[in-house]
Amino acid sequence: MVEGEDLVEAGLAAGLEPADVLVAGEDVGAALLAEVSSLAHPPRVVGVFRRDDLPRGTRPVTLALWRVADPGNVGTLLRAADAFGAGVALSDGCADPTGPKALRASMGAIFRVPVAGFAEPGGRRVALVPHGGTPLPELAPGGDVVLVLGAERDGLPAEVAGACQEQVSIPQPGGGESLNVAIAGAIALYELSRSS
């Protein structure tokens with residue numbers, strides 16, 4: 001279920017056929033929509049789309065998320081992938097990209113970005129680590145790339161990072177310890193787009 005006119009319109013614009021669309025005051029009472037809404041201010045429109053209709057698959061550049069449990073970060077990473085023409089792959093333990101918070105953070109990208117399982121994308125696997133990797137701008141361009149990003153608190157376990165062909169870090173000349181996973185993923189996608 002998506003809440004709000006913008007998300008319903010995004011689904012329709014992507015060519016998905018909703019199972020139902022309810023408009024407050026027309027199809028259903030506003031009080032009923034308020035009861036089922038997860039928003040502080042209930043939407044005027046709610047749309048129900050089928051999960052099976054969402055895009056699946058991979059793209060030449062993919063963000064592979066390892067146990068990213070915050071739905072806001074998953075949705076924001078979908079939005080970043082949409083902006084740069086990338087796909088998203090999710091491991092077990094990731095937040096549901098169709099949950100209310102992830103849907104809102106994706107700003108409709110869930111209807112356009114193909115989602116796959118963590119192991120599905122082929123290509124060179126590159127672990128994005130906070131420190132000690134090759135500086136991201138030095139990553140050699142070419143071929144399919146799977147950027148592997150870890151959970152907010154724990155990062156990538158050694159066995160996941162070690163299974164990648166390369167490890168890169170975003171240069172951080174300031175004093176911060178690390179970047180939020182959604183910000184790091186967006187920066188990495190931007191850097192790849194510049195170098196290709």
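The values are calculated or read from the model by the stated rules, or taken from the named source; none is laboratory data. For clarity, every value in this text was computed on a predicted model and none was experimentally measured. As a convention, Cβ positions derive from the backbone with ideal geometry for all residues, glycine included, and neighbour counts pool all protein chains shown.
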Among the residues of segment 117-127, is there at least one that is within 19 Å of Ala14 (Cβ to Cβ), β-branched (Val, Ile, Thr) and at pLDDT 95 or above? no
Failed item, numbered, when Gly142 is tested on (1) surrounded by 13 or more Cβ atoms within 10 Å (Cβ to Cβ); (2) over 12 Å from Val126 (Cα atoms); (3) of a type outside the set (Lys, Arg): (1)
Taking segment 168-179 and the residues there that are exposed (fewer than 14 other Cβ atoms within 10 Å of the Cβ) and touching a residue at least 12 places away in the same chain (Cβ under 8 Å), the one that is nearest to Asp144 (Cα to Cα) would be Pro171
Does Gly185 meet the test of being outside any strand (DSSP E or B), in contact (Cβ under 8 Å) with a residue 24 or more places away in the chain, assigned by TED's automatic domain parsing to the domain that holds Ala89 and under 17 Å from Ser91 (Cβ atoms)? yes
Go through the residues of segment 63-73 one by one and say whether even a single one is surrounded by 23 or more Cβ atoms within 10 Å (Cβ to Cβ) and of a type in the set (Gly, Ala, Ser). yes
